[in-house]
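Novice: Handing you a structure now.
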Amino acid sequence: MTSAVSTAQPVRSISMRRKVVSKVMLGLCVAATCVAVAMLVWILGYVLMQGALSVNPAFFTELPAPVGEPGGGFLNALVGTGIMVGVAAAMSIPIGVLAGIYLAEFGHGWLARAVRFISDTLGATPSIVAGLFAYSLIVVRVHHFSALAGSVALALLMIPTITRTAEEMIRLVPRTLREAALALGVPEWRMTLQIVLPAASSGVITGIMLAIARVSGETAALLFTAFNNRFLSASLDEPMSSVPVQVYTYAIAPYDDWHRQAWAGALVLVTLVAMFSAGVRLATRSRYKLEQ
Amino acid sequence: MTADLGTMTAGEGVSAKARNLRRWGPRALQGWTNLDGLFRKACGAFAASIVALLALVVYQLVHASRLSIDHFGVGFAWEKVWDPVAQKLGAATFIYGTVVTSTIALLIAVPLGIGIAIFLVELAPRRLGSVVGFLVELLAAIPSIVYGLWGLFVLAPLVRLWVAPALRKTLGFLPLFSGESNGVGMLTAGLILSIMVLPFIAAVSRDVLAAVPQTQREGSLALGTTKWETIWNVVLPYGRVGITGATILALGRALGETMAVTMVIGNSPQIMASLFEPGYTMSAVIANEYSEASGPLYLSALTELGLLLFVVTFAVNGAASLLIWRLTRGPGAHA
């Protein structure tokens, strides 16, 4: 009896220790998650609060006021971001989608492996490098900053994302759909463009949206390509303002009113990104439901 | 072709339409299979254009930094002086700043990220896990400039008033945490970077841990281990390669991150022992000085910094891709 107790005692204390260690470590994992969520809430909450206090109708409808004067807005930057992202999308969507089709439908050889590797790696390239590329490709040749150079830099950042999501989404299209089309005598090219691509369209569009959301907030690639422009401009051959670059310029300037407008610009960027992210999540979730 | 259309009469138009129908219809399939070949080739050409794009990027960067490469040689990498006026330019201070800030970021973000992944895969109920996973991924979607703005106006004052004094009080005997902090500096840059790379580590590690077979956990638990012992001795070692891939991926992001770092690092080309001191990174000096750089040698030296950054991040990201691919059965081998 006594011997049984004396042997049971140490065993129980070891298992207690192990249980406590387990609880503590798992608690630390929960704490790590809480830290990350708290950072998100803190950052987003701060931007929402400062932005909401700062944003006003003039922000959307007026050009920047002369240096040092309060008032004015981001109209030039909003228009500039729209134009440059639009031009970049027009350049990158055809390349990205067709390359994605190639990878998904015909991609077995060395070329496909190389394209996948390069897309994945190029997709993570620092955006400042995209700016350097566009600078030496265009700005050096025409001797001035231009919106076209900015768009080229953004397109370089968009192509890898569009290519890889297009590939993955096209792969998801069931093989039976392809077989049915081929059995009806539809040529392969027509099957791909008129049957497979439309079936994958919501996913492909999701990828395009993600790419657009990412480059809309892109600053480093535009700093010395599109540069900045205090006036409204629609010419691709001239410097053009963008929301992120103007936020940067205003943030590091010593005027309180400019800081206020920088927060409003940050709010616009964050709203854009949050809308895209939520939209993408809804779109992909309904897609998974369909498959299940 | 257009000339044909121009001289066509109404009747011929109808027959041309009929011919078109026949042409695209299944019966004429045999005669037109070369269209398939053409389509394949066209898609292949667009895919190949991505390879060409990479070649063009490398060519442009090398071409634009040629002057600096010829002028400074390999000594560029360890020359500490950065004096554009005297045309004496070296990269050492920027390489140091990039390495130090990225190291701080990884030291903080790797344990946190793995902890989050464990929570999401092993602990959280499915619904909560998916919501929290979305929130963490949202951190990755916030533009860099917004982090910079927040870092400049919120984090930097916080570091000056609370973080730096607390570190000095407790760890002040280390040269790393000595001296005064005015808010902006290496430490602040490292902190903001750690928040920015956290979602990459957490998201990839989560996928890696979720791919560990349930039987592995059950086998361990059946031997009487606690939940944590199962995670530590079975689950994490099983996902070791993937977690390493996630860390390398995060390193690539940290090395190349520009705007947020530029706004909080203080932008001063110097190598100081204390993390409270201002510094400079490769990406930050390009962002700050490129549009105002005068003289071809100055511009060329800045471009060479970009080329170095590109080569390093390409190698790092390539290594991460290969590691992560190895786990997911090769590049896109879903079918």
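The values are calculated or read from the model by the stated rules, or taken from the named source; none is laboratory data. No experiment lies behind these values; they were computed from the predicted model shown. Heads up, the Cβs are rebuilt from the backbone with ideal geometry, glycines too, and the neighbour counts pull from every protein chain shown.
Novice: Return a yes/no flag: does segment B:188-203 have any residue that is out of contact with any Phe, Trp or Tyr (no Cβ under 8 Å at 6 or more places or on another chain) and more than 28 Å from B:TYR96 (Cα to Cα).
Specialist: Checked against the condition, which is being out of contact with any Phe, Trp or Tyr (no Cβ under 8 Å at 6 or more places or on another chain) and more than 28 Å from B:TYR96 (Cα to Cα), segment B:188-203 yields at least one hit.
Novice: Is it fair to say B:LEU323 is in the same structural domain as B:VAL85 (by TED's automatic domain parsing), surrounded by fewer than 21 Cβ atoms within 10 Å (Cβ to Cβ) and closer than 14 Å to A:ALA124 by Cβ?
Specialist: Yes: the conditions hold for B:LEU323.
Novice: Also, I was wondering about something else. Would you mind stating whether A:LEU122 is among the aliphatic types (A, V, I, L, M), more than 10 Å from chain B (Cβ to nearest Cβ) and assigned to a helix (DSSP H, G or I)?
Specialist: Here the answer is no, as A:LEU122 does not meet what is asked.
Novice: Pick out the one residue from A:LEU184, A:LEU269 that is closer than 25 Å to A:PRO126 by Cβ and of a type outside the set (Gly, Ala, Ser). Don't jump to the end; show me each part of the working.
Specialist: Numbers: A:LEU184 fails: closer than 25 Å to A:PRO126 by Cβ.
On inspection, the qualifying residue turns out to be A:LEU269.
Novice: Sticking with this structure for a sec: Can you confirm whether segment A:233-241 contains a residue that is of a type outside the set (Asp, Glu), in contact with a Phe, Trp or Tyr (Cβ under 7 Å, 6 or more places away or on another chain) and in a loop (DSSP other than H, G, I, E, B)?
Specialist: The answer is yes, given that some residue of segment A:233-241 is of a type outside the set (Asp, Glu), in contact with a Phe, Trp or Tyr (Cβ under 7 Å, 6 or more places away or on another chain) and in a loop (DSSP other than H, G, I, E, B).
Novice: Related question: Would you say B:ILE142 is within 15 Å of B:ILE195 (Cα to Cα), within 11 Å of chain A (Cβ to nearest Cβ) and at pLDDT below 95? Quick ask: steps written out before the conclusion?
Specialist: Working: within 15 Å of B:ILE195 (Cα to Cα): yes; within 11 Å of chain A (Cβ to nearest Cβ): yes; at pLDDT below 95: yes.
Yes.
Novice: Please give the number of the condition B:ALA246 fails out of (1) surrounded by fewer than 20 Cβ atoms within 10 Å (Cβ to Cβ); (2) within 13 Å of chain A (Cβ to nearest Cβ).
Specialist: If we test B:ALA246 against (1) surrounded by fewer than 20 Cβ atoms within 10 Å (Cβ to Cβ); (2) within 13 Å of chain A (Cβ to nearest Cβ), just (1) comes out false.
Novice: Could you figure out which of (1) at pLDDT 95 or above; (2) out of contact with any helix residue (DSSP H, G or I) (no Cβ under 6 Å at 6 or more places or on another chain); (3) among the small types (Gly, Ala, Ser) isn't true of B:GLY266?
Specialist: Evaluating B:GLY266 over (1) at pLDDT 95 or above; (2) out of contact with any helix residue (DSSP H, G or I) (no Cβ under 6 Å at 6 or more places or on another chain); (3) among the small types (Gly, Ala, Ser) leaves (1) as the failure.
Novice: If you check A:GLY96, A:GLY51, which single one turns out to be assigned to a helix (DSSP H, G or I) and within 28 Å of B:LEU155 (Cβ to Cβ)? Even if it seems obvious, please write down each step before you answer.
Specialist: Details: A:GLY96 fails: within 28 Å of B:LEU155 (Cβ to Cβ).
Going through A:GLY96, A:GLY51 in turn, the sole match is A:GLY51.
Novice: Continuing with this model, one more query. Quick one: in segment B:21-40, of everything that is exposed (fewer than 14 other Cβ atoms within 10 Å of the Cβ) and at pLDDT 85 or above, which residue is farthest from B:LEU89 (Cα to Cα)?
Specialist: Residue satisfying both the conditions and the ranking: B:GLY37.
Novice: Mind listing just one residue for me: the one in segment A:165-179 that is out of contact with any Lys or Arg (no Cβ under 9 Å at 6 or more places or on another chain) and not aliphatic (A, V, I, L, M) and, of those, nearest to the other protein chains (Cβ to nearest Cβ)?
Specialist: A:ARG171
Novice: Restricting the search to segment B:71-98, which residues are touching a Gly at 6+ places or on another chain (Cβ under 7 Å) and either crowded, with 20+ Cβ neighbours inside 10 Å or in contact (Cβ under 8 Å) with a residue 60 or more places away in the chain (or both)?
Specialist: B:PHE76, B:LYS80, B:TRP82, B:GLY97
Novice: Out of B:PHE177, B:PHE153, which single residue is on the phi < 0 side of the Ramachandran plot, among the aromatic types (Phe, Trp, Tyr) and within 14 Å of chain A (Cβ to nearest Cβ)?
Specialist: Among B:PHE177, B:PHE153, only B:PHE153 is on the phi < 0 side of the Ramachandran plot, among the aromatic types (Phe, Trp, Tyr) and within 14 Å of chain A (Cβ to nearest Cβ).
Novice: Further question: What single numbered condition from (1) within 14 Å of chain A (Cβ to nearest Cβ); (2) touching a helix residue (DSSP H, G or I) at 6+ places or on another chain (Cβ under 8 Å) fails to hold for B:THR103?
Specialist: With respect to (1) within 14 Å of chain A (Cβ to nearest Cβ); (2) touching a helix residue (DSSP H, G or I) at 6+ places or on another chain (Cβ under 8 Å), B:THR103 is out only on (1).
Novice: Would you mention how many residues in segment B:121-139 are more than 7 Å from chain A (Cβ to nearest Cβ) and either more than 27 Å from B:GLY256 (Cβ to Cβ) or not in a helix (DSSP H, G or I) (or both)?
Specialist: Counting residues in segment B:121-139 that are more than 7 Å from chain A (Cβ to nearest Cβ) and either more than 27 Å from B:GLY256 (Cβ to Cβ) or not in a helix (DSSP H, G or I) (or both) gives 10.
Novice: Next question, about the same structure. Taking the conditions exactly as written (touching a Leu at 6+ places or on another chain (Cβ under 6 Å) and within 27 Å of A:PRO254 (Cβ to Cβ)), does B:ALA293 satisfy them or not?
Specialist: On the way: touching a Leu at 6+ places or on another chain (Cβ under 6 Å): yes; within 27 Å of A:PRO254 (Cβ to Cβ): yes.
Spelling it out, B:ALA293 is indeed touching a Leu at 6+ places or on another chain (Cβ under 6 Å) and within 27 Å of A:PRO254 (Cβ to Cβ).
Novice: Could you go through segment B:311-320 and let me know if any residue there is among the hydroxyl-bearing types (Ser, Thr, Tyr) and either surrounded by fewer than 22 Cβ atoms within 10 Å (Cβ to Cβ) or not in a helix (DSSP H, G or I) (or both). Working first, answer last.
Specialist: Let us first name the residues in segment B:311-320 that are among the hydroxyl-bearing types (Ser, Thr, Tyr), namely B:313.
Then drop every residue that is not either surrounded by fewer than 22 Cβ atoms within 10 Å (Cβ to Cβ) or not in a helix (DSSP H, G or I) (or both), which leaves none.
Scanning segment B:311-320 turns up no residue that is among the hydroxyl-bearing types (Ser, Thr, Tyr) and either surrounded by fewer than 22 Cβ atoms within 10 Å (Cβ to Cβ) or not in a helix (DSSP H, G or I) (or both).
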